[in-house]
Amino acid sequence: MTSFIRFLLFSSLLSLAACGANRPQNLIEEADEPQTDSTADIYVKMGVEYMRRGNNKVALSKLNRALEIDSSEIKTHNALAILYERLNELEQAEYHYKRALYYRPNDSASNSNYGNFICRQQGFEVAESYFLTAAANPLYKTPELPYTNAGICALRADVLDKAGLYLDKALRFNPYFDKAHYQMAELKQRLGEYETAENYYLRYVERNAQSAESLWLGIRISEALGQLDRASSYALLLKSRYPESEQTQALRRYYNQD
């Protein structure tokens, strides 16, 4: 998942989408247009940074100020949409996602971001077209992002053939894209293709810190392959690093522990 420090709007919001920062989940994308130093942009960057710190009240104030300065700036609308979704104010979130698309209907990042929202609210069949619109722009530099988002959405809906199709497309555009490797590992594990799942998983963990989710995936893959020592090692890490996580609770149920 990308650098917070550069203040690139949508990559900065990566950890804020709807799940925790360590969870390999939907990717919030960088806008197509270059960053500028306008007054509105400065307030947007401030709002994003406050959101990253968890200070939603101040973030909302900064983003509303940016909106007062320039009501047509899509970065502001996307940031407000993500913040309102985080606050579970879904009508406001959808309004701002749609305003971003109103001002720039073909903007790849806005389409993919709205696709993520629609996926969470209405499911894969409705969201799919937004991801494909995002990826279809020949000038878009990172089509692996909306393709990975489409794959994640399809996995969530248990549409596994589409998940494989879109994750494969993502990796064709960027063979080193870690998020797609992780999701491929999840997909192949669910399909029972454990050796292939392990290959994708190991590529991911070579370059990324282990989260509760990734450790739990590693346990299931290793168990299926009969790699009990590795599974045990992952289990110890999961329990020691994330003792209160839902994955640790699932692990205890799995081994019938108290």
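Throughout, read-outs are computed from the coordinates displayed, never taken from laboratory work. None of the values given here were measured: they were computed from a predicted structure.
Annotations for the structure displayed:
- Based on alpha carbons, the Rg and Dmax found for region 31-140 are 13.6, 39 Å.
- Legend: residue pairs Lys169/Lys239; Lys141/Lys162; Lys162/Lys239; Lys98/Lys141; Lys98/Lys162, Cα-Cα distance threshold 28 Å; pairs beyond threshold, Lys169/Lys239; Lys162/Lys239.
- Taking every C-alpha pair closer than 8 Å and separated by at least 6 residues, the mean separation divided by the residue count of region 49-166 gives a relative contact order of 15 percent.
- Taken over region 128-224, the percentage of Cα pairs per 10 Å bin, counting from 0 up to the bin with the maximum distance, is 18, 48, 28, 6, 0.
- For region 116-162 versus region 64-93, the inter-centroid distance based on Cα atoms is 22 Å.
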